[in-house]
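The values are calculated or read from the model by the stated rules, or taken from the named source; none is laboratory data. Everything numeric here is computed off the predicted structure, so don't read it as measured data. Cβ atoms come from the backbone with ideal geometry, glycine included; neighbour counts cover every protein chain shown. Side chains included, ligands, DNA and RNA excluded: accessible areas come from the protein's heavy atoms. Shrake-Rupley method; radii C 1.70, N 1.55, O 1.52, S 1.80 Å.
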Amino acid sequence: MTDNKLQFRIATLEDAPQVQQLVQSAFRAEDSRPDWTSDMDLSLRFTMKLEDVIAQISKPHGDILIAVQDDAIVGSVEVSKRNEDEGRVSMLAVDQSRQRGGLGRELLGHAEEYCVRIWAVKKLSLGALSSRQELIKWYMRRGYHKTGVTTPFPRDLFKDLTLADDLCFIELEKPVDETINT
Ligand SMILES: CC(C)(COP(=O)(O)OP(=O)(O)OC[C@H]1O[C@@H](n2cnc3c(N)ncnc32)[C@H](O)[C@@H]1OP(=O)(O)O)[C@@H](O)C(=O)NCCC(=O)NCCS
C-alpha cells in the first residue's frame, strides 16, 4: 500500500539522484515573489553536482533531510556540524509546485531540531545571497539575525553576467533556545 502522507527522513545514497534533480530545479526556478530569487540569469546557472550530494550524504558529521510524499522527494535540506557549537543549514529546497504552502518552514524546523538533537549545537547558521532581500527577511522571521559577516561571491565564475558590485553572501545565525524542540 502506498502511504501518501508527507514524511521526513534522512536521505540515503539511493535518494541522491532525485535530491540532485530537486535541488537544482528548485534553485533554477523562477519565483514571482519580489526580491525572493532576484537575478534569474544567475539562478539559471545554479548547478548541483551528484557527487556533491553523495559526499554530503556520506559525511560523518553531515546529512541531507528530505520530505517525501507519494514516493517523490518534494523537499530537501543539508545539515552539517560545523564545529562543537554550530550547526550549518544549507541547500534548503522545495519542489516548485509545493512552494508557499509552509513546507520550507517545516523543513527548516526539522533541520534545526536535527542539529540540536544529534550534535547538541548551541547555534544554527546559514548563508544567503545579499540580493535576496525577501528570502533574508523570511529567515529573520524564523529567528535568524545577520551576524555582520559577509563572504565573497565567486564573481570570477560569472564574468559574462552583470552582477551588483556589492553582491556577497550574508551570514545569518540563530541561537538555540526553547523554541527549538527536540
Ligand atoms: C526558500 C524555499 C525553500 C521556501 O520554501 P516554501 O515552501 O516556499 O516556504 P514557506 O511556504 O514555508 O514560506 C513561504 C513564505 O513566502 C511568503 N510568500 C508567499 N507568497 C508571497 C508573495 N507573493 N510575496 C512575498 N512573500 C510571499 C509567505 O508569507 C511565507 O513567509 P512566512 O512563512 O513568513 O509567512 C523555496 O522558495 C525554494 O525552494 N527556493 C529555491 C531554493 C532556495 O532559494 N533556497 C534558499 C537558499 S538560501
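When restricted to residues that are touching a residue at least 40 places away in the same chain (Cβ under 8 Å), more than 16 Å from the ligand (Cβ to nearest atom) and not in a helix (DSSP H, G or I), the stretch 111-131 contains 3. When LEU13, LEU50 are screened for being modelled with pLDDT of 95 or more and open to solvent by 80 Å² or more (accessible area, probe 1.4 Å), only LEU13 passes.
Just one of the listed residues (ALA72, ALA67) is small (Gly, Ala, Ser), out of contact with any Ser or Thr (no Cβ under 7 Å at 6 or more places or on another chain) and touching a residue at least 60 places away in the same chain (Cβ under 8 Å), namely ALA67.
Within the stretch 111-131, being surrounded by 19 or more Cβ atoms within 10 Å (Cβ to Cβ) and under 15 Å from ALA67 (Cα atoms) holds for ALA111, GLU112, TYR114.
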